[in-house]
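The values are calculated or read from the model by the stated rules, or taken from the named source; none is laboratory data. Computed from a predicted model, the values in this text were never measured in an experiment. With ideal geometry, Cβ positions are generated from the backbone for all residues, glycine too; neighbour counts draw on all protein chains shown.
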Amino acid sequence: MILINFFIFALSLKPTFYTNHNYFYNIAVNDSIVYGATNGGVVAYNYLNNTFKVLTNTDGLKINRQQCIAIDSSGNIWVGSNNGIVQIDKSFNKIQVYPLERLPCTRVNTIYCLKDTILVGTQNGLLIIDTKGTSDNFEDDGILKIYDFQGLSSNNILTIAVDTGFWIGTDDKITRFSSDFQNYAIYGLENGLLRNYIRKIKIIDSNLYVGTDGGLNRFTGTNFDTIIMGYKIIDIEGAGDSLLLALDTLRQIGIFFQGNLTLLNSGIPYLVRINDIENFKGRWFCATGSSFKSDYFGEGIGNYDFASSQWRLIKDNCLGSNHICSITANQYGVFAAHGTRNSDARGVSWLKNDNTWQNFCQDTFVPTKFIHRCITAPDKKIWFGLHYTDSLLAISFEPENNKWYYLRQKYRGIDSTVAIWDLKFDLKNNMYLSLAGPSDKIWVYDSSLSTAYFLGDRTPGFEVELAIDSSLRVYSTVFDAAGGILMIDTKGTIFDRADDINLKYGKTDGLLSQFCSGITVDENNNVYIANDIGVSVFQNNRFEHIENFNGGVIYDVLTDDEGRVWVMADNGIYAYDINYKMLKSFTFNELNVNVEFMPVNNEIIQVQGFFYDRFRSCFWLGNENGLLKLEIVKKDTTSLDSVLIYPNPVLSGSVVRIKNIPADASVNIYSITGRKIVANLKPNSLGEVLWHIPHNTSSGLYFALINTGSDKKVCKFAIVK
């Protein structure tokens, strides 16, 4: 058992995030670089050579979604999020996390840099950091925290400005502190402010301006005059003798000059949010969001072109959306679907082998953005399942020749539907479709798409995923109170219903739970079902269970090339050895990755994004924060003393596995007479050699010679019939 434990715990996962980072919450400009706090990390955009660099959660950020950003006098970048603050060095390589225990609250709204002092506005107080001139060394920092009982009008701080004192704008009025923080005054509606909810305070040429949802105020020394009324003011920036203003989503940007406000939003798409605006040495930049409630994607950085009097939007070519609901990977790259039931669906993204992206969303090739399933067929075509389309059911794509095929609704007589729950293929390239209402049936097309046939009965319910075994038994998971597993045994005749057997398995039949989502079938036709509280294994017509997932909600399950079972939960990834009943956890906390899923309900379809990539020896995981790659890494601690052969004895015609093989080793198989049966078997990325034993192999004793060049070992095993 020591050897088994060694193998199970010799695996590790190396995470890498791919994100959409074009939704900019806040920007700061220094020299030729625009730095941005975005929905998908921190971005450095060089506007002179038009290049992007991004740092994400897997580069050292606590989370991908960043809220605010500022640059200190040493050129270091300070970034705030709902998980504290970090500092990035001026080379944009090194990330330091500021100690959480020093913060009044981890939810950071705004950062203001003043020489050697960093002011941090949180949702529960003000933090003042005296860096002592060593901003990259946190050990000698002086810390001061200020709360409402010490003068703040509210602990929820939204904006900061500094003149001879400190102006702190909150969700309920403004507090002005003296330079030594010993005295303060509070300003609100009674002092002329148009609103008590303060969006921006800005000091320009000794004038202090305040932006609220009611308009623009200017401080007179004792009270506030009204400059503009009836406009929501998001941000304020000086532009010569004018004011550049970020406004509401309808008006977007305006310039205020000599009492007149002129809209300046040409080039910005309708209703796109403007979150920030900057004037750097006469160059105007704006931070754009999107026109949707979600921040899955954005419109990038705006750069004003004075020659054409319009904004030019610059976006990085990246993942199309941080919401991912389905993934497939093949020799052409990785495909991620971004379908939602709302208007913020975003088609599909293709990560090519040269690490560049191509996005398809209501364009020449893909006429819809509502794509929530993608799968690679045995003939290497990539199929996309659609929803909310009156004319199309699915689309296929052949990357080699850029050929597209469009499968129409009701083609070959199948029912109309509002969506495809799932689509899968058997080994002969027949396509199975699980249709939503009003059909609520499982249909199958033959490999030439010339014949369509429905299987089983009409079964209303929320069906999530299909699986087909080698005997053409069709399984479908149902996620609701009356859920479970539908099984259609076609007896190998998928176009003849006469001999079909239709069964439904529920909790009373042995399932852990009736709430079933992911499902997969291994090479031995064992069925693995992701229940919300564990995994049910249907083997030899009875259920066994895999449990103890640290309280995690189970979403999906799959097998890798070596037959190992992998489970995706909301708290991590788990590897399970079916032979030795051993479970190894890789929690997201241990991996230092921040993964968010949609709440578990009938939208479970939106969190199905878990795929084993045999071409790149990794897993791809989709969620609400982007595309997470988990590369399988085998620790270099394997010695020949830990080699394990199983099963032993092994059946002729099945697979024998030789585990814990060093990467530089090769394996030869010999009969008891010394005859070489097979030569130079190499280990896979998991340090495992697989020999698929021919069916005509004789029973008897066999030997495996493991050779590393510097060491050898002989192991014996038996083959039986």
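Checking PRO694 against (1) touching a residue at least 40 places away in the same chain (Cβ under 8 Å); (2) surrounded by 15 or more Cβ atoms within 10 Å (Cβ to Cβ): exactly one of these is not met. Which one?
(2)
Select from region 420-461 the residues that are in contact (Cβ under 8 Å) with a residue 40 or more places away in the chain, out of contact with any Lys or Arg (no Cβ under 9 Å at 6 or more places or on another chain) and small (Gly, Ala, Ser) and list them in ascending order.
Within region 420-461, just ALA436 meets the criteria.
State yes or no: is TYR411 more than 31 Å from the chain's Cα centre (by Cα), buried (at least 21 other Cβ atoms within 10 Å of the Cβ) and of a type outside the set (D, E, K, R)?
Details: more than 31 Å from the chain's Cα centre (by Cα): yes; buried (at least 21 other Cβ atoms within 10 Å of the Cβ): no; of a type outside the set (D, E, K, R): yes.
So TYR411 fails the test.
Has region 625-644 got any residue that is at pLDDT 90 or above, within 17 Å of the chain's Cα centre (by Cα) and either exposed (fewer than 15 other Cβ atoms within 10 Å of the Cβ) or not in a strand (DSSP E or B) (or both)?
Yes, because at least one residue in region 625-644 is at pLDDT 90 or above, within 17 Å of the chain's Cα centre (by Cα) and either exposed (fewer than 15 other Cβ atoms within 10 Å of the Cβ) or not in a strand (DSSP E or B) (or both).
Scan region 464-482 and tell me whether some residue there is out of contact with any Phe, Trp or Tyr (no Cβ under 7 Å at 6 or more places or on another chain), modelled with pLDDT under 90 and in a loop (DSSP other than H, G, I, E, B).
yes
Of the residues GLY259, GLY302, only one is free of Cβ contacts under 8 Å to residues at least 12 places away in the same chain and not assigned by TED's automatic domain parsing to the domain that holds GLU596; which?
Working: GLY302 fails: free of Cβ contacts under 8 Å to residues at least 12 places away in the same chain.
Answer to the check: GLY259.
Can you find, within region 417-456, the residue that is farthest from THR493 (Cα to Cα) among those that are among the hydroxyl-bearing types (Ser, Thr, Tyr) and in a strand (DSSP E or B)? Working first, answer last.
Step one: filter region 417-456 for residues among the hydroxyl-bearing types (Ser, Thr, Tyr), giving 417, 432, 434, 439, 445, 447-448, 450-451, 453.
Then drop every residue that is not in a strand (DSSP E or B), which leaves 432, 434, 445, 453.
Values: TYR432: 14, SER434: 18, TYR445: 13, TYR453: 11 Å.
Here the answer is SER434.
SER308: surrounded by fewer than 18 Cβ atoms within 10 Å (Cβ to Cβ) and either touching a Phe, Trp or Tyr at 6+ places or on another chain (Cβ under 8 Å) or farther than 30 Å from TYR231 by Cβ (or both), yes or no? Please lay out each step first, then the result.
On the way: surrounded by fewer than 18 Cβ atoms within 10 Å (Cβ to Cβ): yes; either touching a Phe, Trp or Tyr at 6+ places or on another chain (Cβ under 8 Å) or farther than 30 Å from TYR231 by Cβ (or both): no.
No; evaluated as a whole, the condition is false for this residue.
Considering only residues that are assigned to a loop (DSSP other than H, G, I, E, B) and buried (at least 17 other Cβ atoms within 10 Å of the Cβ), which ones fall in region 173-186?
So in region 173-186, the residues assigned to a loop (DSSP other than H, G, I, E, B) come out as 173, 178-183.
LYS173, the sole residue that qualifies.
Which one is nearest to ASP276 (Cα to Cα), of the residues in region 85-121 that are part of a helix (DSSP H, G or I) and not hydrophobic (A, V, I, L, M, F, W, C)? Before the answer, list the steps.
We begin by selecting, within region 85-121, every residue part of a helix (DSSP H, G or I); these are 100-102.
Then drop every residue that is not not hydrophobic (A, V, I, L, M, F, W, C), which leaves 101-102.
Values: GLU101: 29, ARG102: 28 Å.
Across region 85-121, the extreme among qualifying residues is ARG102.
With respect to ILE485, is the statement that it is closer than 21 Å to ARG373 by Cβ, assigned to a strand (DSSP E or B) and in contact with a Lys or Arg (Cβ under 9 Å, 6 or more places away or on another chain) true?
Numbers: closer than 21 Å to ARG373 by Cβ: yes; assigned to a strand (DSSP E or B): yes; in contact with a Lys or Arg (Cβ under 9 Å, 6 or more places away or on another chain): yes.
Spelling it out, ILE485 is indeed closer than 21 Å to ARG373 by Cβ, assigned to a strand (DSSP E or B) and in contact with a Lys or Arg (Cβ under 9 Å, 6 or more places away or on another chain).
On the basis of being closer than 24 Å to ILE236 by Cα and at pLDDT 95 or above, does THR170 make the cut?
On the way: closer than 24 Å to ILE236 by Cα: yes; at pLDDT 95 or above: yes.
Answer is yes for this residue.
Pairs only if they're at least six apart or on different chains, beta carbon under 6 angstrom, first in region 358-370 and assigned by TED's automatic domain parsing to the domain that holds ALA337, second surrounded by 14 or more Cβ atoms within 10 Å (Cβ to Cβ) and of a type in the set (Lys, Arg); list them, first residue then second.
CYS361/ARG346; CYS361/LYS369; GLN362/LYS369; LYS369/ARG346
Out of SER513, SER476, which single residue is among the polar types (S, T, N, Q), closer than 26 Å to CYS325 by Cα and either crowded, with 21+ Cβ neighbours inside 10 Å or not assigned by TED's automatic domain parsing to the domain that holds LYS581 (or both)? Give the derivation first.
Values: SER513 fails: either crowded, with 21+ Cβ neighbours inside 10 Å or not assigned by TED's automatic domain parsing to the domain that holds LYS581 (or both).
Going through SER513, SER476 in turn, the sole match is SER476.
Out of the strands (runs of 3 or more DSSP E) lying entirely within region 39-84, which hold 1 or more residues that are touching a His at 6+ places or on another chain (Cβ under 7 Å) and touching a residue at least 40 places away in the same chain (Cβ under 8 Å)? Talk me through it step by step, then tell me what you get.
Numbers: elements: 41-46, 51-55, 66-71, 77-81.
In region 39-84, 41-46, 51-55 are the strands (runs of 3 or more DSSP E) which contain 1 or more residues that are touching a His at 6+ places or on another chain (Cβ under 7 Å) and touching a residue at least 40 places away in the same chain (Cβ under 8 Å).
Can you tell me which of (1) more than 21 Å from THR19 (Cβ to Cβ); (2) in a strand (DSSP E or B); (3) out of contact with any Asp or Glu (no Cβ under 7 Å at 6 or more places or on another chain) is the one VAL366 doesn't meet?
Every condition holds for VAL366 apart from (2).
For every residue, the table says whether it meets (1) acidic (Asp, Glu); (2) touching a helix residue (DSSP H, G or I) at 6+ places or on another chain (Cβ under 9 Å); (3) more than 20 Å from LEU591 (Cα to Cα); (4) surrounded by fewer than 20 Cβ atoms within 10 Å (Cβ to Cβ).
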| site | (1), (2), (3), (4) |
| --- | --- |
| THR493 | no, yes, yes, yes |
| ASP509 | yes, no, yes, yes |
| ILE519 | no, no, yes, no |
| ASN524 | no, no, yes, yes |
| PHE549 | no, no, no, no |
| THR559 | no, no, yes, yes |
| ARG564 | no, no, yes, no |
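Please indicate, with yes or no, whether at least one residue in region 146-158 is free of Cβ contacts under 8 Å to residues at least 12 places away in the same chain and part of a loop (DSSP other than H, G, I, E, B).
There is no residue in region 146-158 that is free of Cβ contacts under 8 Å to residues at least 12 places away in the same chain and part of a loop (DSSP other than H, G, I, E, B).
Of everything in region 542-598, what is at pLDDT 90 or above, out of contact with any strand residue (DSSP E or B) (no Cβ under 8 Å at 6 or more places or on another chain) and among the basic types (Lys, Arg)? Give them in sequence order.
Of everything in region 542-598, just one residue is at pLDDT 90 or above, out of contact with any strand residue (DSSP E or B) (no Cβ under 8 Å at 6 or more places or on another chain) and among the basic types (Lys, Arg), namely ARG542.
Residues checked against (1) under 21 Å from LEU591 (Cβ atoms); (2) surrounded by fewer than 23 Cβ atoms within 10 Å (Cβ to Cβ); (3) touching a helix residue (DSSP H, G or I) at 6+ places or on another chain (Cβ under 6 Å); (4) modelled with pLDDT of 95 or more:
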site	(1), (2), (3), (4)
TYR23	no, no, no, yes
ILE33	no, yes, no, yes
LEU48	no, yes, no, yes
ASN76	no, yes, no, yes
SER91	no, yes, no, yes
ILE95	yes, yes, no, yes
PRO99	no, yes, no, yes
PRO104	no, yes, no, yes
ILE111	no, no, no, yes
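Mind counting the residues in region 319-363 that are of a type in the set (Gly, Ala, Ser), touching an Asp or Glu at 6+ places or on another chain (Cβ under 8 Å) and outside any loop (DSSP other than H, G, I, E, B)?
1
May I ask you to verify whether ILE160 is at pLDDT 95 or above, under 13 Å from LEU127 (Cα atoms) and within 35 Å of the chain's Cα centre (by Cα)?
Working: at pLDDT 95 or above: yes; under 13 Å from LEU127 (Cα atoms): yes; within 35 Å of the chain's Cα centre (by Cα): yes.
So ILE160 fits the description; yes.
If you check ASP276, ASP316, which single one turns out to be in a strand (DSSP E or B), buried (at least 18 other Cβ atoms within 10 Å of the Cβ) and at pLDDT 95 or above? Break it down stepwise before answering.
On the way: ASP316 fails: in a strand (DSSP E or B).
Going through ASP276, ASP316 in turn, just one is in a strand (DSSP E or B), buried (at least 18 other Cβ atoms within 10 Å of the Cβ) and at pLDDT 95 or above: ASP276.
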